[in-house]
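Below: the structure, in structure tokens.
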Amino acid sequence: MAKDNVDRLKRLRAWVHNYDWGRCGTEAQVARLLALNSGSEIKPDRPYAEFWMGTHDSGPSFLADANGEGVNVGLKDWIWKNPNVLGHKVLEKWGPDLPFLFKVLSVAKALSIQAHPDKELAKELHKLKPNLYKDANHKPEMALAITEFRALCGFITLEELKGVLVDVPEIVELVGTASAKQVLDIGKQDGAEKVKYALRSVFTQLMSASKDMAMKATSNLKSRLHVESQLRCLTEKERLVLHLEKQYPGDIGVITAFFFNYVKLNPGEALYLGANEPHAYLSGECIECMATSDNVVRAGLTPKHRDIQTLCSMLTYKQGYPDILKGFPMSQYITRYLPPFEEFEVDRCILPKGASAVFPAIPGPSIFLVFLGKGTLRSGPWEDVVKEGDVLFAPSNTEIIIASPTSELQLYRAGVNSGFIHAAL
């Protein structure tokens, strides 16, 4: 294969998952991108949940312009045959595969309460239950809001938890007064390990409630809040819980929501999640990036398999509101979101009409998604028109010049974390 053919950008066909929590038909950005990317017909009553760009076997991308390299060439196979496109340091660290998976999510209905295992636990779960846990890799991730994006993420503070146990009698009914008292009696003199032990104990008891107990408790909670709503304004968390109960009637995850931080991201804000941190995306649309893995341990708000024992034992039980990334400017039109994970980072580029921007050559691969608008993209002698829905793979050491002569252009880039790149040089 000619070297210049290997080194130039590759257009990709993305993969879409139609999970039932996705937005339906043309309401979903995922559906819009799918139609533009591959020409697929969009069905108005079908959910379009996730738009995948990468090499993961559960949703691999394919080269859209094989140019003599064969029909339906997978990006994973092409990288395997041309590993130098990853750059020396990336290849040395992760082998001949992309270390990141790039996505767009369109969320209409809450995803499961879940966490992703660290590398050690991922290997163990994959070995024990390969049909459920298909990867031996961890899955740190980051969600960058396109619209307002809502999520539950991490445990509330000790003081907030005490308030919940006082204000939500249905939780005390499920966990018992002794467990509740264990939390309520913790004082400032008590150490972090005692707090963690008490939180773990009460959360595990709550999640382990029988189906009948969960249904009775959620029914009682719903009835009580409807009565109290006639007398006072319900809190934001109480309104959320009633909304979740409509989506997942009788599910223990409805009541568990009181234990978690309720996070609302504005467009352009990002949330990152390390291993063993509980979370559930609730609504909105986002760009998502993660290590190449699809390992999920679920325990609530889901009809899928629940592994409550594994989830409750693996969590860090760290408390407090999560860090929100606002991004930092790389240039006039490019903002970078840099989570504390080696595998990935995301750039957001919004070009006004008539503007241009440069993505400097870096010793690692990138995937570009043209989200809105139309423009031109140049890399060395290669230049072409790009428009919304286009997905392109850029080999390492490729400078990209993007211009928007006729309309505003919005695109996103995923690449290996520049902190790793610089440290490896």
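Scoring Gly327 on the criteria (1) open to solvent by 20 Å² or more (accessible area, probe 1.4 Å); (2) in contact with a Leu (Cβ under 7 Å, 6 or more places away or on another chain) leaves a single failure, condition (2). I'd like to check something: does the range 167-176 contain any residue that is at positive phi, assigned to a loop (DSSP other than H, G, I, E, B) and not charged (D, E, K, R)? Among the residues of the range 167-176, at least one is at positive phi, assigned to a loop (DSSP other than H, G, I, E, B) and not charged (D, E, K, R), which makes the answer yes. For the range 377-384, the condition holds for at least one residue, the condition being that it is open to solvent by 50 Å² or more (accessible area, probe 1.4 Å), without any contact (Cβ under 8 Å) to a residue 24 or more places away in the chain, farther than 26 Å from Lys93 by Cβ and part of a loop (DSSP other than H, G, I, E, B). Looking only at the range 83-128, residues that are touching a helix residue (DSSP H, G or I) at 6+ places or on another chain (Cβ under 9 Å) and assigned to a loop (DSSP other than H, G, I, E, B) come to 13 in all. Among the conditions (1) surrounded by 16 or more Cβ atoms within 10 Å (Cβ to Cβ); (2) among the hydroxyl-bearing types (Ser, Thr, Tyr); (3) over 13 Å from the mean Cα position of the chain (by Cα); (4) within 30 Å of Phe371 (Cα to Cα), Ser106 misses just one, which is (3). Only one of the listed residues (Leu36, Leu86, Leu91) is open to solvent by 10 Å² or more (accessible area, probe 1.4 Å), touching a Pro at 6+ places or on another chain (Cβ under 6 Å) and at pLDDT 95 or above. That residue is Leu91. Condition (residue is open to solvent by less than 10 Å² (accessible area, probe 1.4 Å) and more than 12 Å from the chain's Cα centre (by Cα)) applied to the range 286-293: is it met by at least one residue? Within the range 286-293, none of the residues are open to solvent by less than 10 Å² (accessible area, probe 1.4 Å) and more than 12 Å from the chain's Cα centre (by Cα). The set of residues in the range 399-421 that are surrounded by fewer than 22 Cβ atoms within 10 Å (Cβ to Cβ) and in contact with a helix residue (DSSP H, G or I) (Cβ under 8 Å, 6 or more places away or on another chain) comprises Phe420, Ile421. The helices (runs of 4 or more DSSP H) falling completely within the range 202-276 that include 1 or more residues that are of a type in the set (D, E, K, R) map to 211-228, 236-247. On the given criteria, is Glu160 open to solvent by 70 Å² or more (accessible area, probe 1.4 Å), closer than 16 Å to Lys318 by Cα and either touching a helix residue (DSSP H, G or I) at 6+ places or on another chain (Cβ under 8 Å) or modelled with pLDDT under 95 (or both)? In short, no.
Please go through the range 336-351 and pick out each residue that is open to solvent by less than 50 Å² (accessible area, probe 1.4 Å) and over 19 Å from the mean Cα position of the chain (by Cα).
If the condition is that a residue be open to solvent by less than 50 Å² (accessible area, probe 1.4 Å) and over 19 Å from the mean Cα position of the chain (by Cα), then Cys349, Leu351 are the ones that fit.
Those strands (runs of 3 or more DSSP E) of the range 281-368 in which 2 or more residues are aliphatic (A, V, I, L, M) and modelled with pLDDT of 95 or more occupy 345-351, 355-359.
For every residue, the table says whether it meets (1) at positive phi; (2) at pLDDT 95 or above; (3) in contact with a Cys (Cβ under 7 Å, 6 or more places away or on another chain).
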residue	(1), (2), (3)
Arg32	no, yes, no
Lys43	no, yes, no
Pro47	no, yes, yes
Glu50	no, yes, no
Val73	no, no, no
Trp80	no, yes, no
Pro99	no, yes, no
Phe102	no, yes, yes
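Would you mind stating whether Tyr333 is open to solvent by 50 Å² or more (accessible area, probe 1.4 Å) and without any contact (Cβ under 8 Å) to a residue 40 or more places away in the chain? So Tyr333 passes the test.
Of all residues in the range 129-153, those satisfying the criterion of being open to solvent by less than 10 Å² (accessible area, probe 1.4 Å) and small (Gly, Ala, Ser) are Ala143, Ala145, Ala151.
Selection of the range 208-236 for residues being touching a Gly at 6+ places or on another chain (Cβ under 7 Å) and buried (at least 21 other Cβ atoms within 10 Å of the Cβ) yields Ala214, Thr218.
The values are calculated or read from the model by the stated rules, or taken from the named source; none is laboratory data. All values derive from a computational prediction rather than experimental measurement. Glycine gets a Cβ as well: all are built from the backbone with ideal geometry, and neighbour counts include every protein chain shown. Surface accessibility is based on the protein's heavy atoms, side chains included, excluding ligands, DNA and RNA. Shrake-Rupley method; radii C 1.70, N 1.55, O 1.52, S 1.80 Å.
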